[in-house]
1. From the list 160, 102, exactly one residue is assigned to a loop (DSSP other than H, G, I, E, B) and out of contact with any strand residue (DSSP E or B) (no Cβ under 6 Å at 6 or more places or on another chain). Which is it?
2. Across region 114-128, which residue is nearest to the chain's Cα centre (by Cα) among those that are modelled with pLDDT of 85 or more and part of a loop (DSSP other than H, G, I, E, B)?
3. Only residues that are more than 24 Å from the chain's Cα centre (by Cα), surrounded by 14 or more Cβ atoms within 10 Å (Cβ to Cβ) and either modelled with pLDDT of 95 or more or more than 23 Å from residue 114 (Cα to Cα) (or both): list them for region 42-78, please.
4. What are the pairs with Cβ atoms under 6 angstrom where one residue, in region 83-97, is at positive phi and at pLDDT 85 or above and the other, located anywhere, is surrounded by fewer than 17 Cβ atoms within 10 Å (Cβ to Cβ) and part of a strand (DSSP E or B)? Sequence gap at least six, or different chains.
5. Go through 146, 110, 153 for me and flag whichever is surrounded by fewer than 16 Cβ atoms within 10 Å (Cβ to Cβ) and at pLDDT below 90.
6. Using the structure shown, decide if residue 76 is touching a residue at least 24 places away in the same chain (Cβ under 8 Å), outside any strand (DSSP E or B) and closer than 21 Å to residue 39 by Cβ.
7. Of the residues that make up region 129-138, is at least one within 21 Å of the chain's Cα centre (by Cα) and either assigned to a strand (DSSP E or B) or farther than 27 Å from residue 177 by Cβ (or both)?
8. Somewhere in region 127-143, is a residue under 30 Å from residue 36 (Cα atoms), surrounded by 17 or more Cβ atoms within 10 Å (Cβ to Cβ) and in contact (Cβ under 8 Å) with a residue 24 or more places away in the chain?
């Protein structure tokens, strides 16, 4: 599957989740969610690159750490790890003649500086556009054409949410995810 096809499929899935968020009083809708967890390293298996951690709520889990984590060997039992995950969804309703954003799927990552405790960030942003083909009234629904030519129809719980949406409108869907990790060495 190509990156463009994957972006289109993810965008279509997000469209399915987000249709109820379209509101007649707004042309842009933003939804976001952030979660932060703190954990303590309980065990490290350097051979298999497995990390066993205990979360602040007492739950334990073991994770395999891939080779892309270059400073794995610097981790020690007792180190605290703060991990944050953020995601957001932005829907932009575009009327005919309005320019749409260009489809994209970008992945970026950064690593902490040498000499500082291990840390890193990875973020991904995907953008796709769908074109409204039909706004149904009984039952309330929205039929769109995806960038790869598929026609998809989804039910909408509240017909009032579709009052400003018309055939020919486009909906830009931007989905952003970020994962941040910061290690505080045991003292």
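The values are calculated or read from the model by the stated rules, or taken from the named source; none is laboratory data. What you see is a predicted model; the values in this text were computed from it and never measured. So basically every Cβ, Gly included, is an ideal-geometry build from the backbone, and we count neighbours across all protein chains shown.
1. 102
2. Per the stated criteria, the residue is 118.
3. The answer is 42, 44, 52, 53, 54.
4. Note: no pairs meet the criteria.
5. From the options 146, 110, 153, the qualifying one is 110.
6. On the way: touching a residue at least 24 places away in the same chain (Cβ under 8 Å): yes; outside any strand (DSSP E or B): yes; closer than 21 Å to residue 39 by Cβ: yes.
It is true that residue 76 is touching a residue at least 24 places away in the same chain (Cβ under 8 Å), outside any strand (DSSP E or B) and closer than 21 Å to residue 39 by Cβ.
7. So the first thing to find is which residues in region 129-138 are within 21 Å of the chain's Cα centre (by Cα), and the list is 129-130.
Okay, now just the ones that are also either assigned to a strand (DSSP E or B) or farther than 27 Å from residue 177 by Cβ (or both), so 129-130.
Scanning region 129-138, I find at least one residue that is within 21 Å of the chain's Cα centre (by Cα) and either assigned to a strand (DSSP E or B) or farther than 27 Å from residue 177 by Cβ (or both), so the answer is yes.
8. Yes - at least one qualifying residue is present in region 127-143.
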